[in-house]
Amino acid sequence: MNLRLIVGVMGLLTLSVFPLRAHAQQPSQASIEEMHKACAADVKKLCAGVTAGEGRIGKCLQTNWDKVSATCKKTVAEIAVRTRAEAAAAQNSADSAPATGMDPSGSLQLKDPAQ
């Protein structure tokens, strides 16, 4: 797999689709591979002279977004929606889990979230 493309598409998602968060959910490996297939021709065509790294490929795609293929745009959008849904589900699960803590004796105590 072309690392330059993966880094570029990840940069594109980070720059244009995902909100800035300290703990943003990252796309799965399967999603990254899906983006690679959908956007490879766009990276080759639109960003051939761009050196990979520090989000430059993603910035290139974002700058040329009006020229990016419909297939790449659709795939990036679908993965963004899916990844956001997964992050929201994970956050909801974490919010509903009981908190834990250590009492002075060092034993683990479950805390009632209603307290």
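The values are calculated or read from the model by the stated rules, or taken from the named source; none is laboratory data. Please read these numbers as outputs of a predicted model, since none were measured by experiment. A quick note on method: Cβ atoms are made from the backbone with ideal geometry, for glycine too, and the neighbour counts reach across all protein chains shown.
Structural remarks
- Given (1) at pLDDT below 90; (2) in contact with a Leu (Cβ under 9 Å, 6 or more places away or on another chain), index of the condition GLN29 fails: (2)
- Subset of the range 45-101 [exposed (fewer than 15 other Cβ atoms within 10 Å of the Cβ), modelled with pLDDT under 90 and outside any helix (DSSP H, G or I)]: GLY53, GLU54, ALA97, PRO98, ALA99, THR100, GLY101
- Within the range 31-45, the set of residues being over 14 Å from LYS73 (Cα atoms) and more than 16 Å from the chain's Cα centre (by Cα) comprises LYS44, LYS45.
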